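Each remark here refers to the structure printed beneath this line.
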Amino acid sequence: MTSSGAAATVVRVAAVVMTAVAVLLAVRSGSSSTAQRPRQLPAGWYRRVGLVNVAQAVASVLAVAILIAAGAPMLIPPVVCLIVGGHFFPLAWLFDQPQYWWTGASLSIVAAAGFITLAAGAGAEVSRVVVGLGAAITLWGTSLHVARRG
């Protein structure tokens, strides 16, 4: 195995471990007292959620267009992951779902792992694997946690 291949394997394993730890923290973040309490949604929450989602979509489309125009398409996965992660912070408050803080933080960590992978010279393909797998695990963990809490 070349040193580049070994580095890519180390980065993949590190990304999976970091994501698994983040997901476990997210799953464990709900205490029994918060699991049973009724949600407190702010007035007009649905409009604000729509605005957050539109802002995420616009930011993602602009980021993709700018990165392609700049000749840096390898940055698209970590940048979009960072944008998606950032949109969970206002949603945590709007949906009164504290675990969304962990989701946003986990996706930000996954995006950072994607940037680090690129900076380490592991290549765009490895970065896509790190970001795609890390984001999928994080989002699956969040959806399972939200579904479990009812």
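Only the coordinates and a few stated rules stand behind these numbers; no lab work does. Keep in mind that this is a model prediction, so the values were computed, not measured.
The table below gives the values:
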read-out	value
Karplus (6.51, -1.76, 1.60) ³J(HN,Hα), θ = phi - 60°, over segment 82-94, in Hz, Gly and Pro reported as x	5, 5, 4, x, x, 6, 6, 5, x, 5, 4, 6, 5
Once the Cα gyration tensor of segment 43-149 is diagonalised, semi-axes √(5λ) in Å	26, 18, 9
Long-range amide H partners of ASP96 with built H, under 5 Å	none
Gain upon complete extension [ALA119, ALA70; 0.36 nm per residue less C-alpha separation]	15.9 nm
